[in-house]
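The values are calculated or read from the model by the stated rules, or taken from the named source; none is laboratory data. Remember, predicted model here, so these are calculated numbers, not experimental data. Backbone-built Cβ (ideal geometry, glycine too); neighbour counts: all protein chains shown. Accessible surface areas use protein heavy atoms only, side chains included; no ligands, DNA or RNA. Shrake-Rupley method; radii C 1.70, N 1.55, O 1.52, S 1.80 Å.
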Amino acid sequence: MALVRWLKRRLVVIAGLLTLGYLLLPNIVVTVFSFNNPKGRFNYEWQQFSTDAWTDPCGVADLCGSLSLSLQIAAWATLGATVLGTMIAFALVRYRFRARGAVNSLIFLPMAMPEVVMAASLLTLFLNLGAQLGFWTILIAHIMFCLSFVVTAVKARVMSMDPRLEQAAQDLYAGPVQTFVRVTLPIAAPGIAAGALLAFALSFDDFIITNFNAGSTVTFPMFVWGSAQRGTPVQINVIGTAMFIVAVLFVLAGMVIGNRRNRQKA
């Protein structure tokens, strides 16, 4: 009975820890196998500990080239989607115009539509326009499907803003630009940052839409998929582990900054 009562009191904590462990398990496997030294072409079975892949992450031909290309596309797609998505979010929340409801509904279509359908539609569009498939078609496609996620994140933040803060700034003779830069933008910044980070992750990780519209261009996800057919190099695990560590550091940095701000307010 004591054990049952103990489990009931800690059921939520136990369930949370099990869920977290389930989510982190793939990352742990990737990290462990980044130190593997496989005997064959495939890095699917543990053989022996080695740091060779970490000392030479670009040892596989075209790996770092595809990684660099994916980072460039993700960075530009994030910039484009964040700027456009922020403006759209402010327009949908702050202004009344014809077809506002329709635009508000249509903006969520890319989130609900299957990726393969969007990929085929974009490919048809590019072919009919006579566009050459490559870097620019991938970038346009990534901005298009990242836009909805940025609008959703920024819109939620803008809707929660207190308009009286901007009115107070105007009462203190702040101009429209000064009010936006010193009051509106800092309040909306967490939503904008969340949308930007989400857009970067989605763009960097995308395979289906990229594969349809890439032509002969090879991004990192496409390189991983192609390598899986011939043999998976350990360097792929190294890159995956490094990206995971960077993401964790970003989260920790955000938590530290947030805690410092809360202490200053207190």
Problem - Accessible area of the range 135-230 belonging to carbon and sulfur atoms, whole % at 1.4 Å probe - result: 69 percent
Completion exercise
Rg/Rh of the range 72-144 (Cα atoms, Kirkwood Rh), to two decimals, equals 1.02
Handout entry: Per-peptide average of other Cβ atoms within 10 Å, ordering 94-101, 118-125 highest first
Key = 118-125, 94-101
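With every protein chain present, what is the per residue accessible area of the range 194-254 (1.4 Å probe, Å²)? Intermediate values should be presented prior to the final figure.
Details: 2840 Å² over 61 residues.
Per-residue value: 47 Å².
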Completion exercise
In degrees rounded to 10, the 0-90 angle between helix 185-205 Cα long axis and the longest Cα principal axis of the chain is 30 degrees
Problem - Heavy-atom accessible surface of the range 1-120: percent carbon and sulfur, 1.4 Å - result: 69 percent
Handout entry: Integer Hz, Karplus 6.51/-1.76/1.60 couplings in order for the range 146-162, x for Gly and Pro
Key = 7, 4, 4, 5, 5, 4, 4, 5, 6, 4, 4, 6, 5, 5, 8, 6, 8
Fill in the blank from the handout: Tilt, helix 115-129 to longest principal axis of the chain (alpha-carbon atoms), in degrees rounded to tens, equals 80 degrees
Practice task
Determine, for each peptide in 149-161, 183-195, the mean count of other beta carbons within 10 angstrom over its residues, then list the peptides with the highest first.
Solution key: 149-161, 183-195
Problem - Rounded tilt (10° steps) of 11-33 against the dominant C-alpha axis of the chain - result: 50 degrees
Fill in the blank from the handout: Probe 1.4 Å, heavy atoms of protein chains only: per residue, the accessible area of the range 87-147 in Å² is 62 Å²
Exercise for the section: Could you rank the peptides 9-22, 46-59 by their average count of other C-beta atoms within 10 Å per residue, with the highest value first? Expected result: 46-59, 9-22
Handout entry: Size of charge dipole - the chain - debye, nearest 20, with Cβ of Lys, Arg +1 and Asp, Glu -1, no other charges
Key = 1280 debye
Practice task
Pop a pseudo-label 7 angstrom from the Cα along the beta-carbon direction at both LEU20 and LEU127 and give the gap in nm to one decimal.
Solution key: 4.9 nm
Practice task
Go from 0 up to the bin containing the longest alpha carbon distance in the chain, width 5 Å each, and give me the % of pairs per bin.
Solution key: 1, 5, 9, 11, 13, 13, 13, 11, 9, 7, 4, 2, 1, 0, 0
